[in-house]
Amino acid sequence: MNLFRRPAPSLDDLILDAPHELPSESLMPTVARPAQVFVRGQGSWLWDSEDRAYLDFSQGSAANSLGHSPQVLINALADQSQALINPGSGLHNRAQLNLVDRLCQHTGSDQGYLLNSGAEACEAAIKLARKWGQLHRGGAYRIISASTGCHGRSFAAMAASAGAGASRFEPLLPGFSHVPFNDLPALHAAVDAQTVAIMLEPIQSEAGVIPATEHYLKGVERLCRELGILLILDEVQTGIGRCGTLLAEQQYGVRADIVTLGKGLGGGVPLAALLARGKACCFEAGELAGTHHGNALMAAAGVAVLDTVLANGFLQHVRESGLYLGEGLARLAYRYDHGQLRGHGLMWGLTLSDDCADAVVKAALHEGLILNAPQPDCLRFTPALTVSKSNIDEMLVRLARAFARVRTAQLQCRKGIAV
């Protein structure tokens, strides 16, 4: 018997060869990050400080809608920074007016407001709904959302989400209730006299890319119309072309009273929007403001992104690339005995055969591929909307290597192989 035999290596050791961790004492550990430090990007590619290239199929969790450092965004930011950056939220600027006008025109909205992040936009939507409830529904304030939804990590958005970990920050903001997603009877049963709005994501990205069914979302809209309450659609992740149409609601044939946008609207810079239609337009001066809201620099970026997405043929490219990516992922899932593939356009979620998503993400990074795992058993794919078929083909090759690496490591761990 060998008393000095070392214990079997962990799955991470077998996948990653135990990479050296960079010191990070000064940075708050709010996000688990790999050791690499990234220094430049172009399109679908990132390079780290060792000049190694990585194919990025996360793109900042769908924020970099046009990929890394697109020329159209560089030009817009450079031109605007030389003219005006932030005159102050209490003053008009041309870029702000241009972007709000374009957003309202192309989404059929009546009013819009620019903010810094999707969570802020969702907070603003909650404020707007409660203001409307005071004016038109006898002070109703309660908002119903889906139990597996995610609307951000600020307090009202977190209360609307009620996701894992929210209990650490109790007491949460009251006035929210949650029902199962894609369950119309549960939604009907939850509405009462104090309900002012229903707030949903067309696709629950953080839950594992779970789309609403058309029957469900149309039923939600019908319920809101019958009861005279507001429908809020959180399109922070699904909007600005991500699903192959400017807004995901267009694919479902529904029309929300309030829409929130973020992530892809700025193409990688902090920008979000609150859109309101018809009776929901009820904010007055002094009820919503922020130091950097609607600043000229970020708004100019949004104009550049929106104009690009609306250009002739762009959304068709997203739809075609999305189908190509989905077909490739389906083949790979079948080959490695993984599960269901869900999504629209260039937002896909792949359910794995076990809770190995984190291991696959680490193995993919080892193969020079950046992915995201919103759930322990799910991978998420949100590449640049400009992604090419050759990029998709290369991603599938690297993902196959990652799957093989994880499978081999799992087998070795089961056999108890020691080093």
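Report the GluC sites (Glu not before Pro) located in the stretch 256-322 that are in a DSSP loop and have at most 13 other Cβ atoms inside 10 Å of their Cβ, or state none.
Here the GluC sites (Glu not before Pro) that fit, given the DSSP loop and packing criteria, are GLU284, GLU287.
With the contact rule set at Cα under 8 Å and sequence spacing of 6 or more, what percent relative contact order holds for the stretch 289-392?
On the way: 106 pairs, mean separation 22.5, N = 104.
Reported relative contact order: 22 percent.
Could you please rank ARG137, ARG102, ARG222, placing first whichever residue has the fewest other Cβ atoms within 10 Å of its Cβ? Can you show the working numbers first?
Values: ARG137 20, ARG102 16, ARG222 13.
Ranked by crowding around the Cβ, least crowded first: ARG222, ARG102, ARG137.
Just rank VAL397, VAL220, VAL269, fewest to most, by other beta-carbon atoms within 10 angstrom.
The fewest-first ordering by Cβ neighbours comes to VAL397, VAL269, VAL220.
Mean separation of Cα pairs under 8 Å and 6+ residues apart, divided by the residue count of the stretch 71-309: what relative contact order is that in percent?
Computed over the stretch 71-309, the figure is 30 percent.
Roughly how many nanometres apart are two label points built 7 Å out from the Cα toward the Cβ at GLN250 and CYS413?
Those two pseudo-labels are separated by 4.4 nm.
For n ≥ 4 DSSP H runs only, could you compute -39500 (n - 2.57) per run for the chain, divide by its residues and tell me the 222 nm figure to the nearest 500?
-12000 deg cm²/dmol
Can you tell me the 0 to 90 degree angle between the C-alpha axis of helix 389-415 and the longest principal axis of the chain, rounded to 10?
For helix 389-415, the angle is close to 50 degrees.
Name the long-range amide H neighbours of ASP110: under 5 Å, sequence gap of 5 or more, or other chain; modelled H, no Pro or chain starts.
When sequence neighbours closer than 5 places are left aside, the close amide H contacts are ALA276, ARG277, GLY278.
Taking θ as phi - 60°, what are the ³J(HN,Hα) couplings along the stretch 66-73 by the Karplus curve (6.51, -1.76, 1.60), each to the nearest whole Hz, with x for Gly and Pro?
9, x, 7, 6, x, 4, 5, 6
In whole angstrom, note down how far apart the Cα centers of the stretch 274-302 and the stretch 81-145 are.
Each part's Cα centre sits 3 Å from the other's.
In whole Å, how far is the Cα centre of the stretch 325-342 from that of the stretch 353-419?
13
Angle check, please: helix 214-227 long axis (alpha carbons) against the longest principal axis of the chain (alpha carbons), in degrees 0 to 90, nearest 10.
30
List, in order, the whole-Hz ³J(HN,Hα) value for each residue of the stretch 137-151 obtained from phi through the Karplus relation with A = 6.51, B = -1.76, C = 1.60 and θ = phi - 60°; use x for Gly and Pro.
Working through the residues one at a time gives 9, x, x, 4, 9, 6, 10, 9, 9, 8, 5, 10, x, 9, 10 Hz.
Below 8 Å, C-alpha to C-alpha, sequence gap of six or more: please give me the relative contact order for the chain in percent.
24
Along the stretch 199-206, what does the Karplus equation 6.51 cos²θ - 1.76 cosθ + 1.60 (θ = phi - 60°) give for ³J(HN,Hα), rounded to whole Hz, x for Gly and Pro?
10, 9, 9, x, 10, 7, 5, 5
How far is helix 314-335 tilted off the main Cα axis of the chain, in degrees rounded to 10, range 0 to 90?
So the helix axis and the longest Cα principal axis differ by about 40 degrees.
Would you please give the residues with an amide H less than 5 Å from that of ASN372, counting only those at least 5 places away or on a separate chain, with H modeled from the backbone geometry?
Residues meeting the criterion, in which the H sits 1.01 Å from N, are ARG380.
Most exposed first by the Cβ proxy, i.e. fewest other Cβ within 10 Å, how do GLU214, GLU226 rank? Working shown, then result.
Details: GLU214 12, GLU226 9.
Final ranking by Cβ density, sparse to dense: GLU226, GLU214.
Read-outs: derived from the displayed coordinates by stated rules, not from any lab. All figures in this text were calculated on a predicted structure; none of them were measured in a lab. All Cβ positions, even for glycine, are placed from backbone atoms using ideal geometry, and neighbour counts span all protein chains on display.
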